[in-house]
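A.B. asks: This is the structure I have questions about; it appears just below.
No lab work stands behind these numbers, since they all come straight from the coordinates. None of these values were measured; they are calculated from a predicted model. Counting neighbours? That spans all protein chains shown, and the Cβs are built from the backbone with ideal geometry, glycine included.
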Amino acid sequence: MKKKKDVTFWIVIVAVAVVVIIVVINIFVIQNNEYFKISIGQTLTLIVAIVIAFWATQKKTDIRKIKEQVETIISNIQTVVSSSDFITFQVSDKPEAVQKRITMTTRKLKNSINVLNEYSKKIEIKDEVHYIEEQVKGYDNLVSVHISDLDYLSKSEIDLRRYAENINSKCEYLILKLYTQL
């Protein structure tokens with residue numbers, strides 16, 4: 001991030017230097033040539049326009065980069081909920097291994113949701129993130145209650161798939177909303 005700020009600083013410095021050079025050339029060298037003649041007011045207007053245009057461009061770039069990172073996090077959530085480990089359980093699995101897998105999966109999802117919550121207000125996705133969070137909690141509750149009963153979990157694939165599909169659908173909607181502001 002610091003490198004970007006350094007580049008931005010130097011671009012502004014170069015732009016201001018070019019404008020100052022134009023003013024100096026205008027004042028001291030080419031005062032009789034009407035084509036190059038420029039007033040101080042026009043120069044100041046040019047400087048203000050350059051600074052405002054640069055600021056607006058940088059602000060849009062920052063928001064775009066935030067949206068790209070949010071999209072990456074949402075894609076990671078989709079990858080987790082689309083995996084077969086999220087939905088299917090085998091009776092032959094060891095309960096300790098299943099519990100460890102589920103704990104790691106839900107922790108990963110909750111961490112991603114926490115990051116999304118940090119930026120949800122800035123890019124207006126709070127309701128969608130809350131919905132995903134509730135679906136993850138529902139999934140976690142279902143699996144946690146029946147973690148020792150792998151037979152029940154293996155037969156609950158439809159319920160688990162429903163949570164996964166709800167989360168995945170909301171993630172797809174979120175990605176669209178990021179760039180279209182639905």
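A.B. asks: Where nothing but the Cβ of Lys and Arg (+1) and of Asp and Glu (-1) is charged, how large is the charge dipole of the chain around its Cα centre, in debye to the nearest 20? Numbers along the way, then the final one.
C.D. replies: Values: 25 positive and 21 negative charges, 157 e Å.
So the magnitude is around 760 debye.
A.B. asks: Over region 50-111, consider all pairs of different Cα atoms and compute the Kirkwood hydrodynamic radius from their mean reciprocal separation; express it in Å, one decimal.
C.D. replies: On the way: mean 1/r = 0.0685 Å⁻¹.
The answer is 14.6 Å.
A.B. asks: If you don't mind, another one. Can you figure out the FRET efficiency of residue 16 with residue 75, using R₀ = 30 Å and their beta-carbon distance, to the nearest 0.05? List each step's numbers first, then the result.
C.D. replies: On the way: r = 41 Å, r/R0 = 1.36.
Step by step, r from the Cβ atoms, then E = 0.15.
A.B. asks: Calculate the FRET efficiency for residue 108 and residue 60 from the Cβ-Cβ distance with a Förster distance of 22 Å, rounded to the nearest 0.05.
C.D. replies: Numbers: r = 31 Å, r/R0 = 1.42.
For residue 108 and residue 60, the calculated efficiency is 0.10.
A.B. asks: Got the relative contact order for the chain handy, in percent, Cα pairs under 8 Å and 6 or more residues apart? Before the final figure, lay out each step's value.
C.D. replies: Details: 108 pairs, mean separation 45.3, N = 182.
Rounded, it is 25 percent for the chain.
A.B. asks: Mean Kyte-Doolittle of at least 0.0 and a Cα length of 20 Å or more along the axis: which whole DSSP H helices of the chain meet both? Mind dumping the intermediate values first?
C.D. replies: Numbers: long enough: 2-28 (38 Å, 1.84); 40-82 (62 Å, 0.51); 95-120 (36 Å, -0.75); 126-145 (28 Å, -0.71); 157-180 (34 Å, -0.43).
Length and hydropathy pass: 2-28, 40-82.
A.B. asks: Please report the orientation-averaged projected area of region 66-180, defined via the convex hull of its C-alpha atoms, in nm².
C.D. replies: Values: hull surface 25.5 nm².
Directional mean of the projected Cα hull area for region 66-180 stands at 6.4 nm².
A.B. asks: If the chain between residue 52 and residue 97 were fully stretched, how many nm would it gain, using 0.36 nm times the residue separation less the Cα-Cα distance?
C.D. replies: Computed gain between residue 52 and residue 97 is 10.5 nm.
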